[in-house]
Amino acid sequence: MGGDTKGAEKAYLRRTAGGGWELTKPFSVPGGESVEESSRLIHDFALVLQTLRPTPADRILDLGAGGCWASDWLERLNLNVVSLDLSIDMLRVGQERLRRGRGAPLVAGDMERLPFAGESFTKAVCLNAFHHLPNRAAALAEIRRVLTTDGCVLFCEPGLAHSEMPESVAAMRDFGVLERDVVISDVMQACLDAGFADVRLNPISYVIPEFNLTIDQWRHWENFWRRKRPIRAAQKLWRDCLEMLGIGKRELLLEEMFAVGLIRLFKQPVEEHPIVVAYRSPYVQWEPPRYRAAFVAMAPPVPDDSGRLSLTLRVTNECNFAWSSLGPGARQVAIGVQLCGADGAMINRDHFRHALTGEVALGDSVTVTLHVPAPPSAQLYTLKIDALIENLTWFEPRGSKTLTIPVGSR
């Protein structure tokens, strides 16, 4: 059965004549209408970004990439991605799509036997492909093998009763592909059985990406939903009585009421389209980057032999990450000097740049000497010193303090 369905997957594009859609996905083909499907796919891609938080330092594996629409978008965000699919036909479409970019590598291969060395990728994504696999256990073991020790994989799939949907029934009957249900508890347990250290369900990634559920918490939600309504009502009345008597004051009644509301609101859409992330190491909640630097002028600026102003500063890294100029995607920090009027009004935001070299660890300081172009006239100016990461952000708009130094004369 597995071999038959895999053969059907390889021939699927030719038999369905779906190349036009794969080439424009997630947008409509000319004259077509795909708003509902397109909005879901675009939403799925946003969840990948919000949940995995990929950076240029990551090497990302797009599993079951199909026509490589997600790989295309990841590459447009200057991310490093490798596309894998079972179907050569699909990868040819992907080659056409990716030709306009840097040309992400395309690999024909089976998810159940990945053609990569161990620990080759920091992150992996599988969008609407895991439910086609005959041997999920083998695929999960392989995915874990090719991830680094701090790596993770995100599955975004059609869920409960997917195999019974009319479209799925027709696909299995007419084209021989495999359409399986994705039952949340089963998949989460399978990830743990494959050796992943942690696995989380992300039920509201589009609102709060950091909110997630362990397998035990999800099972608690499921068990609550299975209780008969009279039993739930009786339990609620009993808790209310305890609260009135003051006996239940220390119980997390408000938290439980909130959880009940979430269960009722989200259970069906979560089961129909689950987002599951498996981690090779224990889960650590993502912390947003903090952009902070502190500056101290070691001496007033003085003209140097070239007619520039020589300015020596001590710069301290108050971010929650190291500054580094080494490696792909490194967060290289530069010192930016902005030329302002005496009243602080901006004249030239890009007056001067000085890129820091080497590593500056959290809390460490470095002393630099800048040779800043002198202002165009002798009137009074101020030099505003700030830090920045090129093509990303200046630090001041993110809450960092700047240093202002008056220069010139009236």
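Throughout, read-outs are computed from the coordinates displayed, never taken from laboratory work. Bear in mind that the values here come from a model prediction, so they are computed numbers and not experimental data. Cβ sites come from the backbone with ideal geometry, for glycine too, and all protein chains shown count toward neighbours.
At a glance:
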item: Gyration tensor over alpha-carbon atoms, the range 1-90, equivalent ellipsoid semi-axes in Å; result: 24, 19, 11
item: Sequence-distant residues sharing a close amide H with Thr404 (under 5 Å, placed H); result: Ile385
item: Cα→Cβ-extended label distance, 7 Å offset, between Asp364 and Phe321, nm; result: 1.7 nm
item: From phi via Karplus (6.51, -1.76, 1.60), per-residue ³J(HN,Hα) for the range 65-70 in Hz, x at Gly/Pro; result: 5, x, x, 6, 5, 5
item: Label-point separation, Val183 to Ala137 (7 Å along Cα→Cβ), nm; result: 1.5 nm
item: Two-site label geometry, Lys10 and Thr312: point separation in nm, points 7 Å out along Cα→Cβ; result: 7.0 nm
item: Separation between Cα centres of the range 1-60 and the range 170-205, rounded to whole Å; result: 17 Å
item: Length added when fully stretched, Val107-Phe266, from 0.36 nm per residue minus Cα-Cα; result: 53.6 nm
item: When the range 293-407 is reduced to its Cα atoms, the Kirkwood hydrodynamic radius in Å; result: 14.6 Å
item: Lys401-Ile347 FRET efficiency (beta carbon distance; Förster radius 22 Å; 0.05 resolution); result: 0.60
item: Pairwise FRET efficiency - Arg92 versus Val169, Cβ, R0 = 25 Å, nearest 0.05; result: 0.30
